[in-house]
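Since the structure comes first, as structure tokens, the remarks are kept for the end.
Rule-based calculations on the coordinates, nothing more; no lab input. Being a predicted model, the structure only gives us computed values, none of them experimental. Glycine also receives a Cβ, built like all others from the backbone with ideal geometry; neighbour counts cover every protein chain displayed.
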Amino acid sequence: MKKDEESGERERARPGTGTADPGGGKRGRPAEPGGGILMGRPFGVPVYVAPSWFLVAALITWVFGGQLDRVLPELGGARYLVSLFFAVAFYASVLVHELAHTVAALRYKLPVRRIQLQFFGGVSEIEKESETPGREFVLAFVGPLLSLVLAAVFYAGMRAVEPGTVPGVLLAGLMISNLIVAAFNLLPGLPLDGGRMLRAVVWKITGKPMSGTVAAAWVGRALAVAVLVGLPLLTHTGALGNSTEDIGGMETVTDALLAAILAAIIWTGAGNSLRMARLREHLPELRARALTRRAVPVASDTPLSEALRRANEAGARALVVVDGHGDPTALVREAGIVGVPEHRRPWVAVGGLAQDLTDGMRVPAELAGEALLDRLRANPASEYLVVEETGEIYGVLSTADVERAFVAAMARPGT
């Protein structure tokens, strides 16, 4: 399983056969938009179950239940309870896979936002980039390694119980599923773990993280095409152990749909990895000094129309409220100005449209790149006061300007 990045934040989503990796509130209740149901906080990292997981769990229960009917027909309707247990146990092993990535990330002082169990497995959201190719390799490899360890544990358990029993069938299924998870995620293309490992190797050889990303992303796209074409072909020819006489029209459609979904996940993940790498390459260009709007100081009781007149004369695009000593106390919100009709502006004081300054809203003018984004994420606001090292006011930084520069950096081609 893996992780993908977004504006300095990394979230590797990894498809796999039943797994994918490139993470408040009370247990059992949604804690954040899109997060799903919070199940716990191992190592301090929240684990969510997305609503799509229940769809896959139901599908696994139905499919595995049909297989149990052929192996253990005496179970009757109870086979679906056994199948449900298998689905939960399988996703528990996916969670262990993700926790391996999490523990490694925390060991390297990389913050982990959350783990999410979803449609095709799990997602570990790691918020920073590995500093070295060696750490990148280890961070990617520990997931498949833990899946292999789990497969060995389930194999040992299978040998210790009687074959043809419920425990024996469950342990065999968990062993095989973990082997599939490990093997699939070791394929050398982004966004799979194997793609991260390939990226680390190319990064080590060339000394350029971007070169590693480009190589692993294009291999990932080739894998997507191979899955789209090859998986239905292997099933149709019986190469996966199925008799071609037993393959009907519904099975063919199901295989083709599964292949299309997996291929789309891999292709999209590879493309996202390229875009995020391009962003990181241009991230140093995001400088607070370059993005700051010129501002004029005004007293809190200054009419808005007068304040805007002074700003227009000075060629400024922002207003800073200051006290009697000239020290900044608040920032006039752009959204507040827009919301006041022009005919009322002479009667509205800027103090009523301002947001009081906090320490987190003071940004050094020399701040740039990931450090700038981290500062803004840690202190959400619509505007920030940009100051020189001496404490002198340099201007106002608007979140909207940063977002536009961010999008522009994403659109520029990499070197």
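Within the chain, how many lysine pairs that are 8 or more places apart, or on different chains, have C-alpha atoms less than 17 Å apart?
Qualifying lysine pairs in the chain: 4.
Where does the Debye-calculated log10 I(q)/I(0) of the stretch 288-411 sit at q = 0.16 Å⁻¹, using only Cα point scatterers of equal weight, no solvent? The Cα Debye sum returns log10 ratios of -0.75. Among the trypsin sites (Lys or Arg not before Pro) in the stretch 77-141, those located in a DSSP loop and surrounded by at most 15 other Cβ atoms within 10 Å of their own Cβ are LYS109.
The share of Cα pairs per 20 Å bin across the chain, counted from zero up to the longest distance, runs 23, 43, 24, 9, 1 percent.
I want the antiparallel fraction of DSSP beta bridges within the stretch 288-411, as a percent rounded to 5.
60
Count Lys and Arg as plus one, Asp and Glu as minus one, and take only other residues whose Cβ is under 12 Å from that of VAL202; the net charge is then +3.
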